[in-house]
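Read the structure below first, then the notes.
Read-outs: derived from the displayed coordinates by stated rules, not from any lab. Just so we're clear, the structure is a prediction, and the values are computed from it rather than from any experiment. For neighbour counting, all protein chains shown are included, and Cβ atoms are generated from backbone atoms with ideal geometry for every residue, glycine included.
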Amino acid sequence: MLEPDVNVQRKMIVSNPATEQPLAVVEAWGADEVNAAVRLSKRAYPEWSKVSPSDRALLLRRLANLVTDNLEALARMETDNVGKPISDSRDEVAMVAEVFNFYAGAIDKFRGDTIPVAGGIDMTFNEPLGVVGAIVPWNFPIAITSWKVGPALACGNSIIVKPAELTPLSAVKLADLALDAGIPPGVFQVVPGHGQVAGSALVAHEDVAKIAFTGSSEVGRSIMAKASKTLKRVTLELGGKSSNIIFEDADLDKAASAAPMAVFGNAGQDCCARSRILIQRSIYDDFVDLLVAASAAIEVGDPLDEDTQMGPLISSDHLDRVKGFIDPLGESLEVIYQGASPGGPGHWFAPMLVSTSDPTNRVFQEEIFGPIACLIAFDDEEDAVRLANETCYGLSGSIWTRDGARALRMARSVASGNLSINSNSSVRVATPFGGMKQSGFGRELGLEALLSYSDVKNVFYSTS
Ligand code: NAD
């Protein structure tokens, strides 16, 4: 049973955030079209689920090779549509190929168990779920699509992807490449459209067994509530407000040169952005000097320029939202640094450092999803843990110290799904990724993702 369409535009104009020029007009699918996609997916599923793991792996490897062959075109498409620097887009498309290769390599090793029990032999099988729905945000469109498609297809599910309204192009292209690779029609489909219409229809559909959602915590909550009506599985990869914790014994030059891109990368539109910078009081002033110098060195501008490190924000609405956090500047905030934006068209907001002594300030608490970092001083380890955990989110974060025991104590104490020590790294294809608290639940990537796209079936064989 689907909910009725809300009254929204049937055409989505997709544009370039750096030039504000239109790139494409995309048909926004309604509930009827999503319904038809689910029917096709349901028809394709039985045969696909019976393809042997090694043959599914072969097709995924072919898809990975086609992604690599088309790397430059896909990267250009992503840069034009999202405004991200071309070098970042190339890395993200290369990661897509790595994801498909990883799950191709993993799936024929994903085996059940035999468990000795009284009176017989007990066997477990990892069974696919059926038709899976994936709902994807606009900040890493092709990469996040692959994180869901790779393990879902490897396990033998069919999948329907609902890309974000602003960035549907690369998912559509990826589904075309999947057909070229020999993945049967209906196994991997894309339904472009609005969240409240196409997304909502996918979530409500009784023949969709799971929703893998990445997006805001607010929408995540509504999806979980709606999915409960059909008792669907959900995995929720949601927002973040991660801490970058700098101790006095850290390699300060290394930490300061890494910290700006840990929040200004992808123009701050990164769920893992380390947008709260916690600095030990004894080195606060020295570290701020290093941080300002490193922030001033960031190249902001034309995303197609090979040297560009930061492009524009995704849309004018989003730019207004980001500006709303600092205009007017709240009472307990001080501006430490603001870079210069390129002139001309585009939704530009230059890197900005602010400081506060009030950890309840909304700039220190809320996900801005833009290039604003908020600095705060802490006294000791206990104080750092308290500040790091005083947030409703728990997605990512970094700890910088030369004291290995302290690094591990901190890593065990900070409530976050992903942490890195003396590094900004958040996402690696072979390792699990996901959040705690309001950042959601479930893990993508790594071998863990295979568990979330399959069910364990237990079969008892009597030997009596
Ligand atoms: P969003 O929640 O507004 O939208 C995400 C997707 O959900 C889009 O495809 C949208 O169309 C769809 N959607 C919206 N309303 C819906 C509804 N009622 N039913 C079904 N689908 C619906 O998020 P966004 O603005 O596209 O992305 C930014 C957010 O995503 C940030 O909060 C960011 O932290 C989060 N994010 C999280 C991760 C992670 O892995 N944890 C990664 C990237 C982005």
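Here are the numbers for this structure:
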| read-out | value |
| --- | --- |
| Contact order normalised by residue count of the chain, Cα under 8 Å, 6+ apart, percent | 19 percent |
| Backbone HN-Hα couplings from phi across region 56-64 [Karplus 6.51/-1.76/1.60, Hz, Gly and Pro as x] | 5, 4, 4, 5, 5, 5, 4, 4, 4 |
| For GLU248, GLU334, order by how many other beta-carbon atoms lie within 10 Å, fewest first | GLU334, GLU248 |
| Spatial separation of Cα centroids for region 191-251 and region 344-380, in angstrom | 24 Å |
| Potential extension, ASN65-ASP289 segment - 0.36 nm per residue separation minus Cα distance | 76.1 nm |
| Degrees between helix 86-107 axis and first principal axis of the chain (Cα, 0 to 90, nearest 10) | 40 degrees |
| Antiparallel content of DSSP bridges confined to region 243-427, in %, to 5 | 20 percent |
| Under 5 Å, built H, 5+ apart or other chain: amide partners of PHE188 | ILE159 |
| Percent of Cα pairs exceeding the 24 Å cut-off, where the set is region 89-208 | 33 percent |
| HN-Hα J in Hz across region 76-83 - Karplus 6.51, -1.76, 1.60, θ = phi - 60°, x for Gly and Pro | 5, 4, 5, 5, 5, 8, 9, x |
| Equivalent ellipsoid, region 243-427 (semi-axes from 5 times Cα gyration tensor eigenvalues, Å) | 26, 17, 15 |
| Estimated FRET transfer efficiency when R0 is 30 angstrom, pair SER462-ASP207 (beta carbons, to 0.05) | 0.30 |
| Backbone N within region 178-208 under 18 Å of label point (7 Å from LYS11 Cα along the Cβ vector) | 192-194 |
| Among SER426, LEU353, VAL197 the positive-end extreme of the charge dipole of the chain (Cβ point charges) | VAL197 |
| Cβ-derived FRET efficiency at R0 41 Å, ILE121 paired with CYS392, nearest 0.05 | 0.30 |
| At most 16 other Cβ within 10 Å, DSSP loop - trypsin sites (Lys or Arg not before Pro), region 6-113 | ARG10, LYS109, ARG111 |
| Positive-end residue of ILE159, SER396, ASN458, charge dipole of the chain with Cβ unit charges | ASN458 |
| Cα-based Rg / Dmax (Å) for region 318-405 | 15.0, 50 |
| Extension gain, GLU72 back to SER357 (0.36 nm per residue minus Cα-Cα distance, nm) | 98.0 nm |
| Share, in percent, of DSSP beta bridges within the chain that are antiparallel, nearest 5 | 40 percent |
| Dimensions in Å of region 182-301 - Rg and Dmax from alpha carbons | 21.0, 61 |
| Long pairs among LYS50/LYS457; LYS241/LYS323; LYS229/LYS437; LYS148/LYS173, criterion Cα-Cα beyond 20 Å | LYS229/LYS437 |
| Packing-based order for 445-455, 222-232, using average beta carbon neighbours within 10 Å, highest first | 445-455, 222-232 |
| For region 399-428 and region 14-55, distance of Cα centres in Å | 38 Å |
| Under the Karplus curve 6.51 cos²θ - 1.76 cosθ + 1.60, θ = phi - 60°, whole-Hz ³J(HN,Hα) for region 295-310, x wherever Gly or Pro sits | 5, 5, 7, 6, 7, 10, x, 3, x, 7, 6, 4, 8, 5, 10, 9 |
| Net lengthening on full extension, ASP253/THR19 (0.36 nm per residue, minus Cα-Cα) | 80.7 nm |
| Relative packing of peptides 270-277, 124-131 - highest average C-beta neighbours within 10 Å first | 270-277, 124-131 |
| Surface/4 estimate of mean projected area, convex hull on alpha-carbon atoms of region 4-70, nm² | 7.6 nm² |
| Reciprocal mean inverse distance between Cα atoms of the chain - Kirkwood radius, Å | 23.1 Å |
| Amide N of region 83-98 lying under 17 Å from the label point, which is placed 7 angstrom from the Cα of ASP307 along Cα→Cβ | 85-88 |
